[in-house]
Amino acid sequence: MRKSIMSAAAMGILLSGLGVSSASAAVGAGLIVHYSFDADDAADLAGGDQNGAVNGSAAFATGRIGAKAIQLDGADDYVNVGDHPNTGTALTMATWVRANGAITANTALINKYGISGVTNREFRLTAAGDAGGGASSGKPHILVSTTLASGGQTVISNGTSDLPNDNSTWAHLMATFDGSTGTTVFYLNGIQVDTDTNVNVSSFDTSGTAALLIGAETTSLNGTTSRRFFNGAMDDVGIWSAIKTGKEVAAVHGLGYFQGINLGSSLLDSFISAFDATGSTTINGVQWQHVTGLTPIQGTVGGTLAGNDAFVVLDNSGNGMQIVIPEPASLTLLALGGLALLSRRRKS
């Protein structure tokens, strides 16, 4: 089995050299804000016009993706982005988190929601719910509200387990909202764990001007006062005005998990395109090849880079991408082909 996979990988390299490719996916399509924190700041990498202001004594620590993550103390640290662009009736949020200690109810991660009295409720991604309004106690969740005022219709999807809080384990959260159906979907570490639909939530009111905060919940329109602070690190935070598919979520988590690829990288498109074409691609020197027969749960990851057996499942039929090593004979063939090409170029 492994022999046939490796042969296919070598063939993938040859086809790539001949310019054979498939239509690229667009993981970055609709990305409206993206914060990597790699430059010790909250600069927006999606377009540069929604830079965040770092508040409190927030620091920058070793990141899960790229060089840095933002470290929040759970007391007064957060990022204030201000009123962000209109996301329309489609939404996706994503972040890596590493919690430090117990997570209290409604601890905020990505928040443009506000509290009672701040009549600008739109959406939030939290590290733990409070068992109110459909949220599961202690579990992370996405909540979308239909109206600016409190008491409007909401739709919530929850995680299935508490987040680790040992200050060393990273978890990846991603959640979507589809206004055409009133449906939210929650993904934990690349795997869909919950979905919920409220047909009364066909959109959320994006005319509100409450600030978008990272790591806290606003208690004022401009975000200068806040509460429900997150204690821990956050990395690779993004919001899309589009619904990312399960396959895209699996790719974002999988390449982030194994190779530290951030959610705005075009390498994600190459990865998905190779999968769609049942071919191969090389990501930062690591070769990935389409394989079958994996665990039939989209988003599952396994193996290791060091063991040359890492894999990412990209659909619910057990198809995905796996790291492969070309067979020696194939490597020799490729090397000879390269020498022949070099010889022809010298002669010309």
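What the table below lists for this structure:
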| read-out | value |
| --- | --- |
| Candidates 184, 195, filtered to the one that is in contact with an Asp or Glu (Cβ under 9 Å, 6 or more places away or on another chain), assigned to a strand (DSSP E or B) and modelled with pLDDT of 85 or more | 184 |
| Within segment 225-284, tally of residues that are touching a strand residue (DSSP E or B) at 6+ places or on another chain (Cβ under 8 Å), at positive phi and at pLDDT 95 or above | 3 |
| Near pairs, Cβ below 6 angstrom, 6+ apart or cross-chain, from segment 180-191 (under 20 Å from residue 110 (Cα atoms)) to any residue that is acidic (Asp, Glu) | 184/196; 186/194 |
| Residue in segment 29-77 that is surrounded by the fewest Cβ atoms within 10 Å (Cβ to Cβ), counting only those that are of a type in the set (Phe, Trp, Tyr) and under 24 Å from residue 267 (Cα atoms) | 35 |
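Every residue, every condition in (1) charged (D, E, K, R); (2) in contact with a Leu (Cβ under 6 Å, 6 or more places away or on another chain); (3) within 26 Å of residue 38 (Cβ to Cβ); (4) not in a loop (DSSP other than H, G, I, E, B), yes or no:
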site: 223; (1), (2), (3), (4): no, yes, yes, no
site: 282; (1), (2), (3), (4): no, no, yes, yes
site: 294; (1), (2), (3), (4): no, no, no, no
site: 304; (1), (2), (3), (4): no, no, yes, no
site: 307; (1), (2), (3), (4): no, no, no, no
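Residues checked against (1) surrounded by fewer than 19 Cβ atoms within 10 Å (Cβ to Cβ); (2) hydroxyl-bearing (Ser, Thr, Tyr):
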residue	(1), (2)
257	no, yes
269	no, no
276	yes, no
280	no, yes
288	no, no
296	yes, no
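The rows are residues; the columns are (1) acidic (Asp, Glu); (2) at pLDDT below 95; (3) out of contact with any His (no Cβ under 8 Å at 6 or more places or on another chain); (4) more than 27 Å from residue 254 (Cα to Cα).
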{"residue": "67", "(1), (2), (3), (4)": "no, no, yes, no"}
{"residue": "77", "(1), (2), (3), (4)": "yes, no, yes, yes"}
{"residue": "91", "(1), (2), (3), (4)": "no, yes, yes, no"}
{"residue": "95", "(1), (2), (3), (4)": "no, no, no, no"}
{"residue": "104", "(1), (2), (3), (4)": "no, yes, yes, yes"}
{"residue": "114", "(1), (2), (3), (4)": "no, yes, yes, yes"}
{"residue": "127", "(1), (2), (3), (4)": "no, yes, yes, no"}
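The values are calculated or read from the model by the stated rules, or taken from the named source; none is laboratory data. For clarity, every value in this text was computed on a predicted model and none was experimentally measured. Every residue, glycine among them, receives a Cβ derived from its backbone with ideal geometry; neighbour counts consider all protein chains shown.
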